[in-house]
Amino acid sequence: MSGEELIRREVIENFTFPGKLVEEIPYGSGHINDTFRLVFETEQGRKRYILQRMNKSIFHKPVELMENIVGVTSWLRKKILENSGDADRETLNIVSAGDGRPYYLDSAGDYWRAYLFIEGASCYDKVEKKEDFYQSAVAFGHFQGLLADYPAETLHETIVNFHNTASRLDDFKAAVQRDACGHAGDVQREIRFVLEREHLAYVLGEMQAEKKLPLRVTHNDTKLNNIMIDDKTGKAICVIDLDTVMPGLAVNDFGDSIRFGASTADEDERDLAKVSCDMELFELYTKGFVEGCAGSLTDEELDMLPIGAMVMTYECGMRFLADHLDGDVYFKTHREGHNLDRCRTQFKLVADMEKKLSAMNAIVDKYR
Ligand code: ADP
Ligand code: GN1
Ligand code: MG
């Protein structure tokens, strides 16, 4: 058994899983945590679970992070039960470690957590059926609604300045200065792209400071593959990946979904001719998100939805480029230049959104 497998044995033994482990596979396509799907044979049949090693170089305070997730998931569970929903499928459910804690600290110093596996539902890296994207919008909007009265002051900031685009821009400039791997000379065009659009880094922060945009409890990582869609009904049933639930801006939640889900290509597509912002998908998402938020969005928030899409795409592209310059230390990569490819799709999308801004505004006006 490899050291890695031995550690997983230790971890699995220290959670309260039932029965005998019969399968264990790396799972999903997240960029941050190490995720495994476990299958146990029990007297009641097979039971599946998700096991995750939290990324400690990104989440410096895993205990606080899990405190957030315990708080948020128990809050959601209560609201789902009040509405006669299925609380085992409509929210993440934590499986405790043997000592009753919501995590296990292994002998190598890593933190692990486990969730009930959400059965009969799927995550998508790309919109396969347009209706799915609409459903995900309703669900992310609704998620915000369910957490609208959550005591925000009890939430820890799991990543400081996570969507503070101005601070992301400073980090980016520092990465360019460091030029840790000597890549900067090769990506001058991309660096210029960022610097020519610095205004995008400040616009939302300024509005927030002027109290024109309210701080809400938001998800902050609203990728399509962070939502589970029921295989039978086609409805988005559960919002997952709650590591970044923190006070934030609704327009950023909207924007991050558009960045990932309304693109006509994968996030790491190399043929940029394939990359654009699909306006039909933009419209479906706008309709679903506005409905899901059920009247809670202010006029300013509605006005800024298209800019939110642009800012989130710009910010993400800048983060990918900074990571490329730093030597791929943050996002998981699977090939040489992977983060640079990702950065290029994001900037292609930003440029496309710039051309489509008035059309996007007209769509928002249709649903407000
Ligand atoms: P990351 O932060 O690395 O993106 P996620 O928490 O999003 O990690 O999990 C990665 C993937 O694992 C998800 O995209 C999804 O496919 C799958 N997954 C996570 N939690 C569950 C769950 N409770 N049930 C079923 N699949 C899950
Ligand atoms: C990461 O965890 P995942 O893969 O859902 C990242 C997001 C980025 C996204 C880009 C905690 O999301 O902020 O937008 O990759 N999450 C974190 O695909 O940094
Ligand atoms: Mg994820």
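No value in this document is a laboratory result; all are computed from the given coordinates. Remember, it's a predicted structure, so these values are computed and weren't measured experimentally. Glycine also receives a Cβ, built like all others from the backbone with ideal geometry; neighbour counts cover every protein chain displayed.
Here are the numbers:
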{"quantity": "Tilt relative to the chain, helix 299-326 - C-alpha long axis, 0 to 90 degrees, to 10", "calculated": "80 degrees"}
{"quantity": "Sorted by Cβ density within 10 Å, fewest first, the residues Val95, Val350, Val22, Val63", "calculated": "Val22, Val63, Val95, Val350"}
{"quantity": "Gain on full stretching of the segment that runs from Arg48 to Arg178 - 0.36 nm per residue minus C-alpha separation", "calculated": "42.3 nm"}
{"quantity": "Residues of type aspartates and glutamates that Lys355 reaches as a straight line, Cα spacing below 19 Å, ignoring anything fewer than 8 places off in the same chain", "calculated": "Glu190, Glu196, Glu198, Asp256, Asp278, Glu280, Glu283, Asp303, Glu315, Asp365"}
{"quantity": "Violating pairs (Cα-Cα greater than 32 angstrom) within the set Lys47/Lys223; Lys61/Lys287; Lys332/Lys366; Lys212/Lys356", "calculated": "Lys61/Lys287; Lys332/Lys366"}
{"quantity": "Positive minus negative residues near Gln208 (Lys, Arg vs Asp, Glu; Cβ under 12 Å)", "calculated": "-1"}
{"quantity": "Candidate aspartates and glutamates for bridging to Lys274, where Cα separation is under 18 Å - those fewer than 8 sequence places away on the same chain excluded", "calculated": "Asp125, Glu128, Asp266, Asp341, Asp352, Glu354"}
{"quantity": "Among 152-164, 210-222, the order from most to least packed when residues are scored by Cβ within 10 Å on average", "calculated": "210-222, 152-164"}
{"quantity": "Hz values of 3J(HN,Hα) by residue in region 123-140 - Karplus curve (6.51, -1.76, 1.60), Gly and Pro given as x", "calculated": "10, 10, 7, 8, 5, 9, 10, 4, 4, 4, 5, 4, 4, 5, 5, 4, 5, 5"}
{"quantity": "Three-way shape label, region 9-119, alpha-carbon gyration tensor, a/c 1.5", "calculated": "oblate"}
{"quantity": "Fewest-first ranking of Lys223, Lys366, using other Cβ atoms within 10 Å as the exposure measure", "calculated": "Lys366, Lys223"}
{"quantity": "Fully extended contour minus Cα-Cα distance, from Lys355 to Glu10, at 0.36 nm per residue", "calculated": "118.8 nm"}
{"quantity": "Reciprocal of mean inverse Cα separation for the chain (Kirkwood radius, Å)", "calculated": "21.3 Å"}
{"quantity": "In Hz, Karplus ³J(HN,Hα) per residue of region 25-33 (6.51, -1.76, 1.60; θ = phi - 60°; x = Gly, Pro)", "calculated": "10, x, 9, x, 10, x, 8, 10, 8"}
{"quantity": "The chain, helix-only ellipticity at 222 nm - DSSP H runs n ≥ 4, -39,500 (n - 2.57), divided by all residues, nearest 500", "calculated": "-15000 deg cm²/dmol"}
{"quantity": "Contour excess over end-to-end distance, with Cα ends at Glu128 and Lys211 and 0.36 nm allotted per residue", "calculated": "26.0 nm"}
{"quantity": "Size of electric dipole in region 107-153: Cβ of Lys, Arg +1 and of Asp, Glu -1, about Cα centre, debye, nearest 20", "calculated": "120 debye"}
{"quantity": "Candidates Val187, Val138, Val251, ranked by Gaussian network fluctuation over the chain, Cα under 10 Å, top entry", "calculated": "Val187"}
{"quantity": "Unit charges on C-beta of K, R, D, E only; dipole of region 45-147, Debye", "calculated": "120 debye"}
{"quantity": "Highest average packing first - 113-126, 275-288, 303-316, 74-87, Cβ atoms within 10 Å", "calculated": "303-316, 275-288, 113-126, 74-87"}
{"quantity": "Electrostatic dipole magnitude of the chain [Cβ: Lys, Arg +1; Asp, Glu -1; Cα centre; debye, to 20]", "calculated": "240 debye"}
